[in-house]
Amino acid sequence: MNQQTLTNVHISLVVPIYNEVESLPHLIEAIAQIMLPQNLNYEIICIDDGSTDGSTELLKKIAQSRHDLKAIILRRNYGQTAAMAAGFQHSQGQIIISLDADLQNDPADIPLLLAKIDEGYDLVSGWRKNRQDNTLTRLIPSKIANWLIGQVTEVKLHDYGCSLKAYRSEVLADLNLYGELHRFIPALAFIEGAKIAEIPINHHARRFGQSKYGLGRTFRVLMDLLTIWFMKKFLTRPMHVFGSAGLFLIVGGFVLGTYLSFLKLFLGQSIGDRPLLLLVVILILTGVQLFSFGLLGELLMRTYHESQGRPIYRVREFVTGNVKND
Ligand code: UDP
Ligand code: MG
């Protein structure tokens, strides 16, 4: 795809919104100003994530007067990940771009992301090289989290938390997002074999409103990281892990048990007070349990994979206008 072919490609911009009433009009304008001159075929999908500051009403009003904006109003506040998932699910584009509503991401970077996708990448992630956030509560925890995520997921990015990203839609189609998993999309996509790039982008301090997160998010992200680690390692092969460990313990218990039986039956020794007997019992019991856990894991894993496609949110309504913009 070059600029020539990009004009035929449909681009969806996904924006989660939670109490961003002041930023909203500026944001839509800024996006349109970047997209319109390039003659690109685009739609903006704004997901109102249960706002209580009037963003919902404003968004509905704007959506009714624009042909390039589709508003999705969620029933309540589900969190950024679910809001983004709703946007992804309802976007039509072959290329999807996610960005924050608070004007911290700069729509002027969108062409850079598109150019990188054009080079053949499946996912291009923004890197907030000059991040404008609080040092103590945001920058330092994020540095540690980024390092840890890099170690665990083996996807080497500088900045996992940046919302400004571009994806080929087929990459997102395979992913199910829970918890705070939106920041692990590169890792999840990498597990699915996506080609990933990272480019430095602008980052501005928040002009309006407040950040929706504090230090607490770091811990939630760490918990999600554990989930990812587990999924990456065991998800598709629980029996290999639990089954072989179980079998190993059972065999150990069996060998030691045979030895004890030999002592008892052929040499007439008393084995009732030997700690080894206790070990045999523990080995066989835990071995059988681990083995059955592996079997159950296999069943659950099949259910997990075969029941995909269940949305994690409920949409209250869709709003889109038929009015021409120009
Ligand atoms: N957001 C959301 N639901 C939430 C929290 C946040 O849709 O429950 C949106 C928010 O409106 C913003 C984006 O997610 O567009 C990022 O949030 P924020 O700017 O507070 O995060 P930060 O940039 O401080 O990491
Ligand atoms: Mg922000």
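Residues that are outside any loop (DSSP other than H, G, I, E, B), open to solvent by 20 Å² or more (accessible area, probe 1.4 Å) and in contact with a helix residue (DSSP H, G or I) (Cβ under 7 Å, 6 or more places away or on another chain) within the stretch 84-104 comprise just one, 88. Screening 126, 161 for residues that are in contact with an Asp or Glu (Cβ under 7 Å, 6 or more places away or on another chain) and either β-branched (Val, Ile, Thr) or within 27 Å of residue 29 (Cβ to Cβ) (or both) leaves exactly one candidate, 126. Evaluate the following for residue 207: is it within 13 Å of ligand 1 (Cβ to nearest atom), in contact (Cβ under 8 Å) with a residue 12 or more places away in the chain, open to solvent by 50 Å² or more (accessible area, probe 1.4 Å) and over 28 Å from residue 116 (Cβ atoms)? So residue 207 fails the test. When residue 81 is tested against (1) among the polar types (S, T, N, Q); (2) within 16 Å of ligand 2 (Cβ to nearest atom); (3) part of a loop (DSSP other than H, G, I, E, B), exactly one condition is not met: (3).
Evaluate the following for residue 23: is it open to solvent by less than 50 Å² (accessible area, probe 1.4 Å) and either farther than 21 Å from residue 212 by Cα or in contact with a Phe, Trp or Tyr (Cβ under 7 Å, 6 or more places away or on another chain) (or both)? The answer is yes for residue 23.
Looking at 254, 248, 293, 230, just one residue is of a type in the set (Phe, Trp, Tyr) and buried (at least 16 other Cβ atoms within 10 Å of the Cβ), and that residue is 293. Inside the stretch 152-172, residues that are out of contact with any Leu (no Cβ under 9 Å at 6 or more places or on another chain), open to solvent by less than 80 Å² (accessible area, probe 1.4 Å) and farther than 22 Å from residue 128 by Cβ make up a count of 1. If you filter the stretch 39-78 down to residues that are among the acidic types (Asp, Glu) and modelled with pLDDT under 95, you find that the one that is nearest to ligand 2 (Cβ to nearest atom) is 53. Does at least one position in the stretch 172-182 carry a residue that is over 13 Å from the mean Cα position of the chain (by Cα), among the acidic types (Asp, Glu) and closer than 25 Å to residue 110 by Cα? No - not one qualifying residue is present in the stretch 172-182. Criterion applied to 40, 6 was being under 24 Å from residue 174 (Cβ atoms), in contact (Cβ under 8 Å) with a residue 12 or more places away in the chain and over 25 Å from the mean Cα position of the chain (by Cα), and the one residue passing it is 6.
Residue-by-condition table, conditions (1) open to solvent by 30 Å² or more (accessible area, probe 1.4 Å); (2) on the phi < 0 side of the Ramachandran plot; (3) within 16 Å of ligand 2 (Cβ to nearest atom):
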| site | (1), (2), (3) |
| --- | --- |
| 106 | yes, yes, yes |
| 111 | yes, yes, no |
| 116 | yes, yes, no |
| 130 | yes, yes, yes |
| 136 | yes, yes, no |
| 141 | no, yes, yes |
| 150 | no, yes, no |
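In the stretch 57-83, the qualifying residues are those that are away from ligand 1 (no atom under 15 Å from the Cβ) and buried (at least 23 other Cβ atoms within 10 Å of the Cβ), and the one that is nearest to residue 321 (Cα to Cα) is 63.
The values are calculated or read from the model by the stated rules, or taken from the named source; none is laboratory data. Quantities reported herein were computed from a predicted structural model and do not represent experimental measurements. Virtual Cβ from ideal backbone geometry, glycine too; neighbours counted across all protein chains shown. These area figures cover heavy atoms from the full protein model, side chains too; ligands, DNA and RNA do not enter into them. Shrake-Rupley method; radii C 1.70, N 1.55, O 1.52, S 1.80 Å.
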